[in-house]
Amino acid sequence: MKTFTLPGTDITAPNVVLGLMRITDKTDDEVRDLLRAARDAGIDFLDHADVYGSELHHCERRFAEAMALTASQRDELTIQTKCGIVPDGPYFDFSYEHVVASVEGSLEALRTDRIDVLLLHRPDALVEPEEVARAFDTLHAAGKVRAFGVSNHTPRQIDLLRRYVQQPIVANQVQLSIPHAPLVAQGVAGNMLAEDQSVVRDGGGMLDYCRLHDITVQAWSPFQGGFFTGAFLGDPAFAELNAVVDRLAAAYDVPPIAIATAWITRHPAQMQVVLGTTTPERVTGAAQGSDLPLTRAEWYELFRAAGHIVP
């Protein structure tokens with residue numbers, strides 16, 4: 001498993017992350033088997049959110065109940081969670097009171113004394129960055145959150161926060177897969193009149209912005225064909241892409257899911273792939289793409305096969 005130091009922190013992080021948004025109905029043994037597969041593959045970075053599950057903090061609580069971590073076992077893990085979505089609506093809330101209350105709820109649910117990384121989960125149109133800064137200062141000073149980031153934010157939204165917060169923004173978690181790659185594809189086809197791919201959808205060069213400011217891009221739904229439309233692997237609607245994936249998988253002697261992972265980890269932005277699967281075998285297979293050395297020609301072949309334009 002390839003690792004790196006998460007910029008702005010002293011956290012050594014793998015470039016593949018285990019997301020735990022789907023463990024609501026899993027038994028304790030199933031949760032433990034999933035974590036065991038991840039740890040065996042070198043994944044010690046876990047992604048939660050307060051809204052994951054059938055009720056607030058449900059998946060965080062299920063994780064803690066199933067794992068019953070000792071202090072030393074907790075120290076071996078990097079636990080990330082997110083806040084800001086109010087499901088009763090839904091609407092978004094980055095107020096001081098909501099952010100602090102959410103973290104307190106996550107700490108209790110996770111049975112831990114600190115969150116390693118806290119992300120603001122989807123932009124709040126009514127954000128008051130001074131309130132965010134006050135919440136971050138309170139949580140950081142109390143030792144309850146070590147590092148802070150965002151999710152699904154544009155460059156200008158991050159700039160607004162960075163004008164006020166004292167702590168570095170260390171991550172931006174966004175949707176990215178081979179077929180769902182506007183943050184990559186737009187830059188390739190910029191300034192092409194009448195081509196939909198050239199339309200800016202991320203607020204303007206989000207990937208380059210994150211590279212310039214040492215913000216780690218975390219790719220959620222790395223195997224989805226679109227916005228929660230289902231996995232593209234094995235889907236006849238993506239026949240051309242799957243033909244290339246399968247051929248490369250055979251050439252590298254890895255499962256197809258490893259190629260889908262490797263397309264993201266091959267990018268020099270040093271991105272993290274956030275897995276959403278609850279199948280241990282798929283975690284093991286995806287992890288094999290962590291440092292798989294796709295060539296430029298192979299990377300672009302996958303990109304073209306997904307329907308993106310290479311002018």
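Go through 118, 126, 160 for me and flag whichever is within 21 Å of the chain's Cα centre (by Cα) and at pLDDT 95 or above.
Testing whether each residue is within 21 Å of the chain's Cα centre (by Cα) and at pLDDT 95 or above leaves just 118.
Filter region 272-287 down to the residues that are surrounded by 14 or more Cβ atoms within 10 Å (Cβ to Cβ), in contact (Cβ under 8 Å) with a residue 60 or more places away in the chain and of a type outside the set (Ser, Thr, Tyr) and list them by number.
If the condition is that a residue be surrounded by 14 or more Cβ atoms within 10 Å (Cβ to Cβ), in contact (Cβ under 8 Å) with a residue 60 or more places away in the chain and of a type outside the set (Ser, Thr, Tyr), then 272, 273, 274, 275, 276, 280, 283, 286, 287 are the ones that fit.
Condition first: within 18 Å of residue 287 (Cα to Cα) and of a type in the set (Ser, Thr, Tyr). Now tell me which residues in region 220-257 satisfy that.
221, 252
Which condition number in (1) buried (at least 17 other Cβ atoms within 10 Å of the Cβ); (2) touching a residue at least 60 places away in the same chain (Cβ under 8 Å) is the one that residue 205 fails?
Checking residue 205 against (1) buried (at least 17 other Cβ atoms within 10 Å of the Cβ); (2) touching a residue at least 60 places away in the same chain (Cβ under 8 Å), the one that fails is (2).
Look at region 169-196 and say how many of its residues are in contact (Cβ under 8 Å) with a residue 12 or more places away in the chain and either closer than 20 Å to residue 128 by Cβ or out of contact with any Pro (no Cβ under 8 Å at 6 or more places or on another chain) (or both).
Summing the residues that are in contact (Cβ under 8 Å) with a residue 12 or more places away in the chain and either closer than 20 Å to residue 128 by Cβ or out of contact with any Pro (no Cβ under 8 Å at 6 or more places or on another chain) (or both) in region 169-196 gives 17.
Of a type in the set (Asp, Glu) and within 21 Å of residue 64 (Cα to Cα): does that describe residue 128?
Taking the combined requirement at face value, the residue does not satisfy it.
Quick one: count up the residues across region 232-287 that are assigned to a helix (DSSP H, G or I), closer than 24 Å to residue 23 by Cα and of a type in the set (Gly, Ala, Ser).
Qualifying residue count for the region: 5.
Sort out which residues of region 68-124 are farther than 30 Å from residue 36 by Cα, of a type in the set (Val, Ile, Thr) and in a helix (DSSP H, G or I), and write them in order of number.
Matches in region 68-124: 99, 100.
Please identify the pairs in which a residue from region 8-25 that is over 20 Å from residue 175 (Cβ atoms) has its Cβ atom under 6 Å from the Cβ atom of a residue that is of a type in the set (Gly, Ala, Ser) and crowded, with 22+ Cβ neighbours inside 10 Å, counting only partners at least 6 apart or on another chain.
9/147; 24/53
For the condition in contact (Cβ under 8 Å) with a residue 40 or more places away in the chain, surrounded by fewer than 23 Cβ atoms within 10 Å (Cβ to Cβ) and not hydroxyl-bearing (Ser, Thr, Tyr), what is the one hit in 114, 61?
None of the other options fit; the residue is 61.
Any idea which of (1) outside any loop (DSSP other than H, G, I, E, B); (2) crowded, with 22+ Cβ neighbours inside 10 Å is the one residue 23 doesn't satisfy?
Against the list (1) outside any loop (DSSP other than H, G, I, E, B); (2) crowded, with 22+ Cβ neighbours inside 10 Å, residue 23 comes up short only on (1).
Quick test of your reading of the structure: residue 159 fulfils all but one of (1) in contact (Cβ under 8 Å) with a residue 12 or more places away in the chain; (2) out of contact with any Pro (no Cβ under 9 Å at 6 or more places or on another chain). Name the failing condition by number.
Failed condition: (1).
With respect to the numbered conditions (1) of a type in the set (Asp, Glu); (2) under 22 Å from residue 79 (Cα atoms); (3) without any contact (Cβ under 8 Å) to a residue 12 or more places away in the chain, which one is the sole condition not fulfilled by residue 214?
For residue 214, the exception is condition (3).
Checking the structure you have, find out if any residue of region 167-184 is assigned to a helix (DSSP H, G or I), surrounded by fewer than 22 Cβ atoms within 10 Å (Cβ to Cβ) and either out of contact with any Lys or Arg (no Cβ under 7 Å at 6 or more places or on another chain) or not aliphatic (A, V, I, L, M) (or both).
There is at least one residue in region 167-184 that is assigned to a helix (DSSP H, G or I), surrounded by fewer than 22 Cβ atoms within 10 Å (Cβ to Cβ) and either out of contact with any Lys or Arg (no Cβ under 7 Å at 6 or more places or on another chain) or not aliphatic (A, V, I, L, M) (or both).
Limited to region 289-311, what total is found for residues that are without any contact (Cβ under 8 Å) to a residue 60 or more places away in the chain and either outside any helix (DSSP H, G or I) or not basic (Lys, Arg) (or both)?
Here the count works out to 9.
The values are calculated or read from the model by the stated rules, or taken from the named source; none is laboratory data. Just so it is clear, the model here is predicted, and its values are computed rather than measured. Reconstructed Cβ throughout: ideal geometry from the backbone, glycine too, with neighbour counts over all protein chains shown.
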